[in-house]
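Enquirer: Structure below; questions to follow.
The values are calculated or read from the model by the stated rules, or taken from the named source; none is laboratory data. All values reported here derive from a predicted model rather than from experimental measurement. Virtual Cβ from ideal backbone geometry, glycine too; neighbours counted across all protein chains shown. Ligands, DNA and RNA are excluded from the accessible area calculation, which covers all protein heavy atoms including side chains. Shrake-Rupley method; radii C 1.70, N 1.55, O 1.52, S 1.80 Å.
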Amino acid sequence: MPRRTDHSREELYDLALAAARDIIREDGLSALTARRVAHAIGYSPGTLYNVFDDLDDLIVHMNGRTLDALYDDLMQVAKTDDPARDLKALLAGYLAFLDGNRNLWGVLFEHRLSGDAALPDWYLQKIDQVLGLIETTLARRLPDLDRDNLKDAARILWASLHGICSLSGSGKLQIVSDQTVHAMAETLMTRFVAGLEQTRVT
């Protein structure tokens, strides 16, 4: 591919993220290098560093796009007057997204920033946006639960679901259970919410 010089910074940003997503979808995080991304879009590796601070920065921005895509998918889940049904629908949407984007989703948890670098605020806001959908639905089911407890509950539930999905992705789920991912995840969510309800009334 001939080297190109006719793209704006914003266009290079989009091209690089699209190329990185394709590489990870096909070969996983270990295959992602600045050189491979640059080659895919027809530029030198040095050009990438005019757009991103380093490879870590590119991955963080790509992960942000993954969180946006998850949020958009979950926003399409039909809302009803039954929060219990809506929680199950959100769960189904979450599992469907993971199933269709397994390598991309894995990067959210596999990638570690170098040194003592912290994730940027805009990225944490994207996580909050996704978890806010769970918080809102939990609040309808548990109207007496205060804001802090709702936030904690959403994060604990998400982390627990990720554990089940990670076991499944690594092929280790059948070691601990013969249930499907969906069955285990739904049991976890149902019992977790029931525990919150029980705690509220005791």
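Enquirer: Determine if the stretch 139-152 includes at least one residue that is acidic (Asp, Glu) and within 23 Å of the chain's Cα centre (by Cα). Before you say what the answer is, go through the steps one by one.
Expert: Pass one, the stretch 139-152, residues acidic (Asp, Glu): 144, 146, 148, 152.
From what is left, the residues that are within 23 Å of the chain's Cα centre (by Cα) are 148, 152.
Yes, some residue in the stretch 139-152 is acidic (Asp, Glu) and within 23 Å of the chain's Cα centre (by Cα).
Enquirer: Could you look through the stretch 41-53, keep only residues that are in contact (Cβ under 8 Å) with a residue 12 or more places away in the chain and open to solvent by 40 Å² or more (accessible area, probe 1.4 Å), and pick out the one that is nearest to LEU104 (Cα to Cα)?
Expert: TYR49
Enquirer: Take residues that are over 30 Å from HIS61 (Cα atoms) and open to solvent by 40 Å² or more (accessible area, probe 1.4 Å) and tell me which of the helices (runs of 4 or more DSSP H) falling wholly in the stretch 97-202 contain 1 or more.
Expert: Qualifying helices (runs of 4 or more DSSP H): 121-141, 173-176, 181-201.
Enquirer: Return yes when ARG85 is surrounded by fewer than 18 Cβ atoms within 10 Å (Cβ to Cβ), assigned to a helix (DSSP H, G or I) and at pLDDT 95 or above and no when it is not.
Expert: Answer is no for this residue.
Enquirer: Filter the stretch 26-40 down to the residues that are in a helix (DSSP H, G or I) and closer than 15 Å to GLU110 by Cα, then identify the one that is least open to solvent (accessible area, probe 1.4 Å).
Expert: This residue is ALA31.
Enquirer: What pairs come out if I take residues in the stretch 14-32 that are on the phi > 0 side of the Ramachandran plot and pair them with residues that are at pLDDT below 95 and open to solvent by less than 70 Å² (accessible area, probe 1.4 Å) whose C-beta lies under 6 Å away, six or more apart or interchain?
Expert: GLY28/ASN103
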